[in-house]
Structure formats: structure tokens, C-alpha cells
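Read through the structure below, which is laid out as C-alpha cells, and then see the notes.
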Amino acid sequence: MAEYLTYMGDGKRIFCTREKIIDDLQAGMAEAVEVGNVPDLTSEELAMLCDIVCDRNRIVSVEPGNEVVLSNDGAQNKFTGDSGSSGCGIEMSALAAAQVHERALSMDTFEFGSLDNNYSVKPLKAVIAMQMQKMEDMQNSMIVPFFYGAMPNMGLYYEPDGPFGNPPDLMREGKIEEAQSEMEKAMDMMTRDIEFMGVKMQEAGSDGFNFDTTASAGDGDFLSVLRGVELLKKARPEAQTMVGMSSENVIGIHGMLDYKGQDVAGIYPHDQAKLAEMAGVDVFGPVTNTKSGKSLAWNMAYSVALIKECEKKSNLPCHVNMGMGVGGIPMLETPPAEAVTRCSKAMVEVAKVDGI
Amino acid sequence: MAYDQKASAEVAKEAIAAKADLVNLIQEGYTAGIQEVGDLYQAKKLFLPHIMSAANAMNVGVNLLTPELEKAGKSAGEGLGKFLICTIEGDIHSIGKDIVAIMLKVAGFNVVNMGRDIPVKDIVAAVKNDKPKAVGTSALMTSTMVNQKTFEELLKEEGVRDKVITNIGGAPTTQQWCEEIGADVYSENATDCVNKMVAKVKG
């Protein structure tokens, strides 16, 4: 019986029959339906996914006319970072990296971010003047929409890195209400920082702000970004905002937060997109997390089922995150091109995403 | 659910005074309650404050009952042995590790939560001194997961690798990484960790 080269979610190469791939696709979809409360994929969609997984070509792509927008996060890190951060270890300036992405790699957007300053909202306040000058200089050489990018990274607002008490530590000591109170203080500060950073970078000519790995510190992190976007759009309505998530489900670290009456904790991409829209976000970047013990087929069907519903329910353009450990792609620092292109094709042609 | 520590203590005190079956109270009461909270947490119906509150309430009651059980020569749970758990050197992420610690305790392990950013040499020292059945390390970054490998190597250098079951977890870690560094068990999440470790120690 014919077998096809494919991968596990941890990157291990495996060979599977078409029947096994079909079984895994159905199981992955079933898991998404259960955890995310999303509809089944149709039999035609599952067949399309099966054909994508079983394609004998090493690299696959979309049919002409199905191309989508390619936006970016992580700024110049993909060249300058080391392999542990999916980088290539090539020393180049932020401007050179931006121009390579724009002119050689055909990215439709790019961003400037300070990786020397943790690529995070809080520490960047201290170097805002230098960041503004660089943004102004770089904008003079760029044509594609060029954003300022940073991670919200609310963890940096807590001890030992920040001024507020560490919520998990406080909870472990039984101080639940105090932990929640510290989170709320951190949220207020991060919201103000987002507005400050965003307004300053708009003054320097930025086309907008790209929030990378939103909600990595849970529901408070996500809520702060939503509030920050609201304030930024009020102050600078021309600022385009892209909010890319960090995980498929908003972790309930606070557990009792709401945004305009909608619960924040525990929600999946299709509900996250709704909150983003309410806040005035312009492009939403949903995420699904690859399960390392499952196959590429399982993870692909799981991810496509969740993202398809997000795309369907969202009035915003959705640019799904595709890379190491997300979007069905294996959890490897440099994921195999076979997996990256297959999952990307599935997202475009089955989940019908607006961009990647 | 109320997560009421005072009520939890009162129930324990009443049971002691009434000479009730304390093992049954722990297994059918406290443990059953927190298992339900754990299930709801996995289902994204309850969140971190709830599971931490429930664990705190359970601990208040169990801590009152444990001395009484020891006097009677009984064990509070299945007595699966000591389990050291920590976030590895260089890494300050602790939430997932703390939830795993709670769930392992519920399953019957005597859990020692060493905290976060624990130097590899300190974990090895704890293995030598405390002689645990198992040790679990968590890493949430590709830059810190390498310390799980260092830990395995240091255990071998110190001659205690075969004395303990090693368990690894954390977002960037995988079964393949587990095999590559020579760890015994990879856990994808808290439930996976409990299932695999209970099976491992029971043989």
C-alpha cells in the first residue's frame, strides 16, 4: 500500500497510508469541533486536505488567483536572530531586513521593532526617541505599509521584571484577590504604554502598530491590548492596527474579566476576532497551537476547522499565524518546508483566510 | 463552587472529632472536588484563580487531616512517592508547572514544588538529598529547554540518573526532544503528565 512522507507535530518524519491520513484528519477536526465549538469541515474540505497532505511534491502552493496578503511579525529577527528563534543568524540592519522582505521576499507589510529592547512594549518606552528617529528614517525608504511592532508581553510588568506583584506567586500563597488586583494595575499601565508608544510612533510616520503574540500573559494581556487599541485609534484614527495572537485560547490568568460585556478568558479565535473588531482593530491574526504528539494531518484539520470558523464569523481581515508550532506546522525552530507550504495552502484554500 | 478555606477546615475538624473515615474524606471529598475543578479547567470553563483557590482550600483541610492519619499509620492518598517539580534554570514561567504540581498531588504524589528558575545543580542536589521517585522540569523557551539536557547530563555525572524518573514539559518541548536528551517521560499538558507518571511509577 502506498505511503506518503509526512511529519509529526514535533517534526519527526513519518510515512503514512492515505487511510491513516484520512483517519488523522477526521480526528483532528473532531477535536477542534469539541474544544472550539466550531462546525465540522465538509467531506469535500477533508478530501482537499487529504490531497494536500498526500501531494508527492515537496513544496506545494495555491492555484493562480488564490494568492493572499503576506503580513509579518518579528521584524528583522528572521534574518538576524539565532536558530533558536527561527532566525538565520545573518547580521544586517533593520532597514536592510525591511528592504529584503519588501523587495526580495514580496512581503505586503513589514515592521520595525527593537529586538535589543526585548521587542516588548514596556522596555521600549525608555528608548522611544531613538525608535522614532529610526522609524522616520526607514519610512523614507519603504513603500509597503510599514508598522511599528512589539509584543505586549504583560509578564514584564510583574515581579521580578516589573513593579507589580507576580499573580501566580500570590495565588500560590492564597492571595487570589490581591493577585487579581495586581493584574488590573498592570493592565492599566500597559494600556497607557500602548497608547503612548502608538501615538509616538505615528508622530514619527509609522503606518500603524503590529501587536505580536498578544495574550501571552493571558486574559489581562488581551484586554489591555484591546483597550490600548481603542485609545490609540481615538488619538490617531489613521493608525492601522494588527493584533496577532499568541495561542488559540485566551488563558484565564485573571479569570473574571470582560470586554464590553463579553468574557475574555477561555475564548477561541472566532470569539477573539469579535472582541478585536469591537476595539477597532484593523487586521486580526488568529493562532492555533500545534500538538506535538499528533501528525501533520491531525494538526492541519484541527487548525483549519478553528480558523475557518474565525474567518467566517469575523468582519475583519484575518491573517493567520503560520510558523514554528502554530497553524498546524510542527514545533521545530526551522520547520520543514513541506509542512509550512501544506498548512499554508490548506489555510488559504480551505479555511479561506485573507492573509498569512 | 466557593473555594471556602474556612469551611474546608471546619469539615476536616468535624471529621476528626467524629472519628470519621479520614482517608475516605480525602479521596471522596477533597480529591473528588479538585478533580472536578481540574476537569473544568481543562475544558476552559474554569481558570487559574479557580484551580489555585480550590487547591488552597483542599490543602487547608488535608493539612489538618494528615497528622491524624500519620498517628494512625495511614496514608492520605495512593502514596505514589515523592515528586520534585520546578521550572528549569533561566526560565521564570511557573503557571503551567504549578497546575501540574496540583494535579500530581491530587493523583497521590508527595509533590515538592521547588519554584522557578531553579539552577540545574540545585535540582541535582535535591535529587541526591531527597531521593524522589520522579523529578519534573518545565521549560517555556527554546533558549531554556537546553538546560533540561544539561540536567540529564549532570544527573549522569553525579551517578544518580538511574535513581530517578525524569519528566519534561513546557511549550517548546516534544517527545522527540525527550528522546534526544534521554529523559524518561514527555508530558504535553497536566493531564498527560498525571496519566503517564502514574502509569510509570505503577509499572
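Which whole-Hz ³J(HN,Hα) couplings does segment A:6-14 yield from phi under the Karplus relation 6.51 cos²θ - 1.76 cosθ + 1.60, θ = phi - 60°, glycine and proline marked x?
8, 9, 8, x, 9, x, 5, 6, 9
Restricting to DSSP H runs of at least four residues, report the calculated mean residue ellipticity at 222 nm for the protein assembly as shown, -39500 (n - 2.57) per run over all residues, nearest 500 deg cm²/dmol.
Per the formula, -15000 deg cm²/dmol.
Using mean Cβ contacts within 10 Å as the protection proxy, how do B:49-59, A:281-291, B:111-121 order, highest first?
Ranked from most to least packed, the peptides come out as A:281-291, B:49-59, B:111-121.
Quick check: pseudo-label points 7 Å beyond the Cα along Cα→Cβ at A:Asn315 and B:Ala125, how many nm apart are they?
For A:Asn315 paired with B:Ala125, the spin-label model returns 6.1 nm.
Explain nothing, just the number: dipole magnitude of the protein assembly as shown about its Cα centre with +1 on each Lys and Arg Cβ and -1 on each Asp and Glu Cβ, in debye rounded to the nearest 20.
Dipole of the protein assembly as shown, to the nearest 20 debye: 1020 debye.
Please work out how much length the chain gains when fully extended from A:Glu91 to A:Lys234, using 0.36 nm per residue of separation minus the C-alpha to C-alpha distance, in nm with one decimal.
Result for the pair: 47.6 nm of gain on full extension.
Which order do peptides A:65-78, A:204-217 fall in by mean Cβ count within 10 Å, highest first?
A:204-217, A:65-78
Too long at a 27 Å Cα-Cα cut-off: which of A:Lys294/B:Lys45; A:Lys175/B:Lys45; A:Lys185/B:Lys6; A:Lys291/B:Lys156?
A:Lys185/B:Lys6; A:Lys291/B:Lys156
So what J values fall out for segment B:55-71 if you push phi through Karplus, 6.51 cos²θ - 1.76 cosθ + 1.60 with θ = phi - 60°, rounded to Hz, Gly and Pro as x?
5, 5, 5, 5, 4, 4, x, 5, 5, 6, 7, 4, x, 5, 5, 4, 4
Averaged over its residues, how many other protein chain Cβ atoms are within 10 Å of peptide A:167-175's Cβ atoms?
6
Name the residue from B:Met52, B:Gly29, B:Ala15 whose Cα lies farthest towards the positive end of the charge dipole of segment B:5-71, charges +1 on Cβ of Lys and Arg and -1 on Cβ of Asp and Glu.
B:Met52
Note down the net charge around B:Thr137, summing +1 for each Lys or Arg and -1 for each Asp or Glu among other residues with Cβ under 12 Å from its Cβ.
-3
In whole Å, what is the distance between the alpha-carbon centres of segment A:185-259 and segment A:63-137?
Cα centroid to Cα centroid, the span is 19 Å.
State the answer as a single residue: which of B:Met103, B:Leu140, B:Gly159 lies farthest towards the positive end of the charge dipole of segment B:81-202, with beta carbon charges of +1 for Lys and Arg and -1 for Asp and Glu, about the Cα centre.
Most positive-ward Cα: B:Met103.
Percent relative contact order of chain A, based on C-alpha pairs within less than 8 angstrom and at least six residues apart?
22 percent
Given charges of +1 on the Cβ of Lys and Arg and -1 on the Cβ of Asp and Glu, with all other atoms neutral, how large is the dipole of segment A:273-356 about its Cα centre, in debye to the nearest 20?
The dipole of segment A:273-356 has a size of about 280 debye.
What is the angle, in °, between the Cα long axis of helix A:269-279 and the longest principal axis of the Cα atoms in chain A? Nearest 10 is fine, range 0 to 90.
Compared with the principal axis, the helix lies near 30 degrees.
So how do A:Thr6, A:Thr80, A:Thr334 line up by other beta-carbon neighbours within 10 Å, fewest first?
By the 10 Å Cβ count, ascending, the order reads A:Thr334, A:Thr80, A:Thr6.
Out of residues 5 or more away from A:Thr17 or on other chains, whose amide H comes under 5 Å of its own, with H placed 1.01 Å from N in the peptide plane?
Under 5 Å from the amide H of A:Thr17: A:Tyr4.
What does the net charge come to around A:Gly155 if you take all other residues with beta carbon closer than 10 Å to its beta carbon, with K and R at +1 and D and E at -1?
Summing Lys and Arg as +1 and Asp and Glu as -1 gives -1.
Using +1 on the beta carbon of Lys and Arg, -1 on that of Asp and Glu, and nothing else charged, what's the dipole of segment A:58-189 about the Cα centre, debye to 20?
Result for segment A:58-189 is approximately 300 debye, rounded to the nearest 20.
Give the aspartates and glutamates reachable from B:Lys71 as a straight Cα distance under 16 Å; neighbours fewer than 8 places away on the same chain don't count.
Once the sequence-local aspartates and glutamates are set aside, what remains near B:Lys71 is B:Asp21.
Helix B:142-157 versus the longest principal axis of chain B: what angle, 0 to 90°, nearest 10, using Cα atoms?
Around 90 degrees separate the two axes.
Amide H of B:Phe109 versus every other amide H placed in the peptide plane: which residues, excluding those fewer than 5 positions away on the same chain, fall under 5 Å?
Here the answer is B:Leu80, since their amide H atoms fall under 5 Å of that of B:Phe109.
Could you tell me whether segment B:81-202 comes out rounded, prolate or oblate from its Cα gyration tensor? Rule is a ≥ b ≥ c as square roots of the eigenvalues, rounded for a/c under 1.5, then prolate if a/b exceeds b/c, otherwise oblate.
Cα axes put segment B:81-202 in the rounded bin.
Tally Lys and Arg at +1 and Asp and Glu at -1 over the other residues with C-beta under 10 Å from the C-beta of A:Ser295: what net charge comes out?
Every neighbour counted, the sum reads +2.
What are the residues whose amide H is under 5 Å from the amide H of A:Tyr259, where those residues sit 5 or more places off or on another chain and H is modelled from the backbone?
Here the answer is A:Val264, since their amide H atoms fall under 5 Å of that of A:Tyr259.
For segment A:114-122, what does the Karplus curve 6.51 cos²θ - 1.76 cosθ + 1.60, with θ = phi - 60°, yield as ³J(HN,Hα) per residue in whole Hz, taken in order and with x for Gly and Pro?
Couplings: 9, 6, 6, 10, 6, 6, 10, 4, 4 Hz.
Can you find, among A:Gly293, A:Gln240, A:Val348, the residue farthest towards the positive end of the dipole of chain A? Put +1 on the C-beta of Lys and Arg, -1 on that of Asp and Glu.
Going by the Cα projections, it comes out as A:Val348.
For A:Val69 and A:Thr17, what does the FRET efficiency come to when R0 = 60 Å and r is the distance between their Cβ atoms, rounded to the nearest 0.05?
The value I calculate is 0.95.
How crowded by other chains is A:247-258, given as the mean number of beta carbons from other chains within 10 Å of each beta carbon?
3
Taken together, the values in this text are just the output of simple stated rules run on the coordinates, not laboratory data. These numbers come from a predicted model, not from an experiment. Note: ideal-geometry Cβ built from the backbone for every residue, glycine included; neighbour counts use all protein chains shown.
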